[in-house]
Amino acid sequence: MKMNTMTSMMKPKPKAQTGKTPQRRCVGCREKKDKAILVRIVFSGGVLAIDRSAKASGRGVYVCRSIACLTKAQKSKGLERSMKCSFQPEIYVQLIHLYKAEVER
């Protein structure tokens, strides 16, 4: 009988849910926000793209859903610094068009 008590004590207890949501920093305004409300931009294979699934491979950065934050990231070169590469100005124009379409969804 004592053995049953010992084995029940050794069983791992289920972990309690903490309710924390993942936080990410916007490269434009530099504020920490919930990951779910930010847009992920990924650089993979020499191509910049908006990652809707937030699971694409490649180096990714997060930006708020406002064009102002995207332009701040461009002016401060936060996007380039985070991606560890440099971009031509035409890339930003294309990215802004993609971004507008994504935010309006």
Next on the checklist: Looking at the stretch 11-26, can you tell me whether even one residue there is surrounded by 11 or more Cβ atoms within 10 Å (Cβ to Cβ), assigned to a loop (DSSP other than H, G, I, E, B) and at pLDDT 85 or above?
Outcome noted: no
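Which of the residues that make up the stretch 53-65 are in contact (Cβ under 8 Å) with a residue 12 or more places away in the chain and assigned to a loop (DSSP other than H, G, I, E, B)?
Taking the stretch 53-65 as the starting set, the residues that turn out to be in contact (Cβ under 8 Å) with a residue 12 or more places away in the chain are 54, 56-65.
Once the filter is applied, which keeps residues that are in contact (Cβ under 8 Å) with a residue 12 or more places away in the chain and assigned to a loop (DSSP other than H, G, I, E, B), the stretch 53-65 yields Ala54, Ala56, Ser57, Gly58, Cys64, Arg65.
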Checklist entry - Here are some conditions: (1) surrounded by 12 or more Cβ atoms within 10 Å (Cβ to Cβ); (2) modelled with pLDDT of 85 or more; (3) in a helix (DSSP H, G or I). Ile50 meets all but one. Which one does it not meet? => result (3)
Checklist entry - Tell me, which residue of the stretch 58-72 that is touching a Phe, Trp or Tyr at 6+ places or on another chain (Cβ under 9 Å) and among the small types (Gly, Ala, Ser) is surrounded by the fewest Cβ atoms within 10 Å (Cβ to Cβ)? => result Gly58
Checklist entry - Among the residues of the stretch 32-47 satisfying the criterion of being within 21 Å of Val93 (Cβ to Cβ) and under 10 Å from the mean Cα position of the chain (by Cα), which is surrounded by the fewest Cβ atoms within 10 Å (Cβ to Cβ)? => result Arg40
Next on the checklist: Six or more apart or on different chains, Cβ atoms under 9 Å: show the pairs whose first residue is in the stretch 91-105 and touching a residue at least 60 places away in the same chain (Cβ under 8 Å) and whose second is surrounded by 11 or more Cβ atoms within 10 Å (Cβ to Cβ) and of a type in the set (Lys, Arg).
Outcome noted: Tyr99/Arg65; Glu102/Arg52; Glu102/Arg65; Val103/Arg65
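Specify the residue that is modelled with the lowest pLDDT; the eligible residues are those in the stretch 67-84 that are within 18 Å of the chain's Cα centre (by Cα) and in a loop (DSSP other than H, G, I, E, B).
Of all residues in the stretch 67-84, those within 18 Å of the chain's Cα centre (by Cα) come to 67-74, 77-84.
Next, only the ones that are in a loop (DSSP other than H, G, I, E, B) stay: 77, 84.
Numbers: Lys77: 91, Lys84: 88.
The selected residue is Lys84.
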Item to check | Unmet criterion (only one of (1) in contact with a Cys (Cβ under 8 Å, 6 or more places away or on another chain); (2) under 16 Å from Leu98 (Cβ atoms); (3) assigned to a loop (DSSP other than H, G, I, E, B)) for Phe43 | outcome: (3)
Next on the checklist: Among (1) exposed (fewer than 14 other Cβ atoms within 10 Å of the Cβ); (2) under 13 Å from Gly28 (Cα atoms), there is one condition Ser86 misses while meeting the rest; what is its number?
Outcome noted: (2)
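Suppose the filter is at pLDDT below 90 and part of a helix (DSSP H, G or I); does Gln94 pass it? Break it down stepwise before answering.
Details: at pLDDT below 90: yes; part of a helix (DSSP H, G or I): yes.
Yes, satisfied.
The values are calculated or read from the model by the stated rules, or taken from the named source; none is laboratory data. Small disclaimer: the values here were computed from a predicted structure and weren't measured. Note that we place each Cβ from the backbone using ideal geometry, even for glycine, and neighbour counts take in every protein chain shown.
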